[in-house]
Structures are given as structure tokens and as C-alpha cells.
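The values are calculated or read from the model by the stated rules, or taken from the named source; none is laboratory data. These numbers come from a predicted model, not from an experiment. Ideal geometry is used to build each Cβ from the backbone, glycine not excepted, and the neighbour counts take in all protein chains shown.
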Amino acid sequence: MRMSWVTVFGALTGSIWGAVWMIVVGILLMLVSGITTHPPVGIAMGIGAVVGICAFAIVNRFADRISMALLSVLTLFALMAITLFQPFGVSMANGPVYQVAALLIWAGLMGLSMHMGLVGYTGEMVSRYRFEVLIIRLLKGLGFVLFTIVVALPFYVMVMTSLKSQQSLLGNPLDFSIDLGQGTASLFRSYVELFTDYNFGIFLMNSTIVSVLTVFITLAFAIPGAYAVARLRFKGQALLSRSILLIYMVPAIVLVIPLYAVFSQAGLRNSLTGLLVVYPATTIPVALYMLQGYFRGLPSELEEAGLMDGLSRIGVILKITLPLALPALASVSLYVFMIAWNEFLFAFMFLDDLNMFTLSRGVVSLNSSEVPRQHLMAGAVVATVPVLVLFLWFERYLVAGLTAGSVKG
């Protein structure tokens, strides 16, 4: 491919990253410091285009990291000079520490983006394959940035709002900076009042009980069911295996009204027992589907050897199959726990007693004009953090369990 196309692509790549990082860092600066910024996106695109051309031109002439670090420094000075020391559309006298930090982050991200995009490029003529690789890297990087912003920005706003006082929220609702000098007691006042005045400890306990019991009930039914579908031979096995997930074709809202009538007559409404009937009914099918695929991927010779050694079928499951299926069991348990922890529709319809509320139902009860907004955000944080920590801790098991059994041989 001609070098002119490489130059055009370098300018395009640099201008895109210049604009993206200027918008991201400008918004981050505004959220952290409370300074109203006006990011010069056009100037950032122009500087980024020059950086992109230079990056493709000097690559492999110096050490990659040294050349990109040099470009980052030159980028920083160029932005300062062109914007007349107003890199984010506001005077450097307004929050100089925050602006300098943001400027360094922007320049560093520019250099890092170009370095990551040019890994493996030697500065020679670009083949079609190499050009496609460069495009894929650019698109992958943009997708990663967009996904991170979509996930992290609402969580950041939620956390910062929960740490603010009522006066600061009323004074400037768009200021998501916090004063660390106000003291720990004042900073976490919303969380303390949440548990002392709004019964959130009861909500947390109810959600924990329901979610943990749902996991145990689901596994108690899903393990033997999935094993039977995967290993045993009986009439209708293929039909049962293919129809496990048919329950998900029925919208939950369609089931709410008849279940509400039945539970009211059976005395199961407004109790955690009712939820422990409904939740496993919705999680057992997906657990069956996940586990049967994993069981099919386990070597059947190991189970046959266990049977020849005198183990019963139950003994084979307990001593051979389940120890080998621990990654799948961990991933299914985590998935079921998250479903039960975050479920709202049935909890909203079946629970009226404040002492029976789960976290999702309790958070909604805070959404009223009588409850300060920071308490609602604190409740959302309390409901989000536990399952987020569990997910990050067991993420490797989740991936292993979802992919295991998908390939035979």
C-alpha cells in the first residue's frame, strides 16, 4: 500500500484520538474539579492529526516508547501554545492543579494510543493485511473507550452524589466534586443514615438470604437434571434438552398477575418464601442449559471407571463429576446470585411489608420527594458494590464455565 495512504491514515487516527481524549478528559476534569470546561475539540483534532503523521513517520527510527514519550511532550506544549494557556477553554488560574493533571493525562493518552496502534508496524510499505490490523486496532480501542465511559460514568456520578451534602446538591447539582476536608463522618453521612433511618440493613439481609437460598435451590435441581440430560439415555431426551429454555419465551410481566392471585390465596405474597418459589423457577432452566453443556464435555470414561470400581451413580456424581465441574458450578452460582440479587419485578409486585423488602425494592422506596437524593444514590451504591465485587472476584470462573463444553474433542 502506498505511503500516502499511511500518512492519511495516521492523520485520521491521530485526529480521532485527539478529539476523543479531549472530550473524555474535559468531562473528567469537570466532574472531578467542578470547573466548567469548554474542550477545544477542533484544536485537539488538528494537533492529533500532526501527531498521527509524525508517529507513523518516526516509528522504528527510535525506540517506540521514547519516540511516543517525545511526541506526548510536544503535544502538550503545542496544545498550551495554540490555546494561549487555556487547554480546556478556561484560564489556568482556575484550578491549576486539576488542569495540569488533566493536560498530562490527555498528552499521555495520546502517546499511549498511538503506541498501542503502531505495535508491530516497522515503517515500511503497508500490506493490506497490516492495514486491516491497524483499522481493527483503532476500532477496538474506540469501542473499549466507549464501553468504559458508558459503564464507569454513571457509577462515578452515583458514588459522588452519595458523598455530597444536601446543601451542595441544591447549590450546584452538576458539580460532582467532593470536599475531602469535611471529615469522614460528614462524607459518609448518607450511608450511616441509610442504615439507621431507612432500614437498609434489613433490606441487605433479605436480599442476601433470598439470593443465597436461590443459588442452593437452583443447584439442587439443576445438577441432577443437567446430568440426566447429558449422560442418561431415555425417551424424549433430545426434546427435553432443546426445550429447557422455552420458559424464557414467556415474558415475566405475563406471569406476574396470575402468580399474584395464586400467592395471595396461598398466603405466599408479602413473604420471602414466595420469592424463593418464583426465583428458582426462572433460574433453574438457564442453570440446566449451562451445566448440561459442561457435563457433556467431561470425559465419560472417568465416570465409567468409577462405576466399574463399585461406585453408584450418585457416588460418581459426587466424587467424580462435581469436582471436575467446579468452574461451571462457580459460574452458574454467580450468575444465579446476580439474577436473584438484581430482580425487581416480582419483588415489587409481591412485597408490601417494609421488613420484607429486598434491596431492589428498597432502593425504589427511596425514590420520593421526601428522601434526599444522596440517600437514593447511597442505596444504589450499596446494592451495586457487593455483586460487583463478587463478579470481579469470580470472573475467571464465569468465563471458564460459559465456554467449557462448547467444543467437543
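Has region 49-64 got any residue that is of a type outside the set (A, V, I, L, M, F, W, C), in the same structural domain as Trp17 (by TED's automatic domain parsing) and at pLDDT 85 or above? No: zero hits. Cβ-Cβ distances below 7 Å connect the following pairs, each with a first residue in region 324-349 that is crowded, with 22+ Cβ neighbours inside 10 Å, a second residue that is assigned to a loop (DSSP other than H, G, I, E, B) and not aliphatic (A, V, I, L, M), and a separation of six or more residues or different chains: Ala347/Thr358.
Conditions (1) under 25 Å from Glu343 (Cβ atoms); (2) hydroxyl-bearing (Ser, Thr, Tyr); (3) surrounded by fewer than 20 Cβ atoms within 10 Å (Cβ to Cβ), marked per residue:
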site	(1), (2), (3)
Tyr260	yes, yes, yes
Gln265	yes, no, yes
Gly274	yes, no, no
Tyr279	yes, yes, no
Leu288	yes, no, no
Leu298	no, no, yes
Leu307	no, no, yes
Arg313	no, no, yes
Lys319	no, no, yes
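If the condition is being hydrophobic (A, V, I, L, M, F, W, C), touching a residue at least 12 places away in the same chain (Cβ under 8 Å) and farther than 14 Å from Met377 by Cβ, then region 175-206 contributes Ile202, Phe203, Leu204.
Specify which of the listed residues (Thr208, Thr184) is among the polar types (S, T, N, Q) and farther than 23 Å from Gln374 by Cβ. Please lay out each step first, then the result.
On the way: Thr184 fails: farther than 23 Å from Gln374 by Cβ.
Answer to the selection: Thr208.
Those helices (runs of 4 or more DSSP H) of region 306-391 in which 3 or more residues are at pLDDT 85 or above occupy 326-342, 345-350, 359-365.
What number of residues within region 240-262 satisfy the criterion of being among the basic types (Lys, Arg) and in contact (Cβ under 8 Å) with a residue 12 or more places away in the chain?
Result for region 240-262: 0.
Residue-level check: of (1) among the polar types (S, T, N, Q); (2) out of contact with any helix residue (DSSP H, G or I) (no Cβ under 7 Å at 6 or more places or on another chain); (3) crowded, with 18+ Cβ neighbours inside 10 Å, Ser91 misses just (3).
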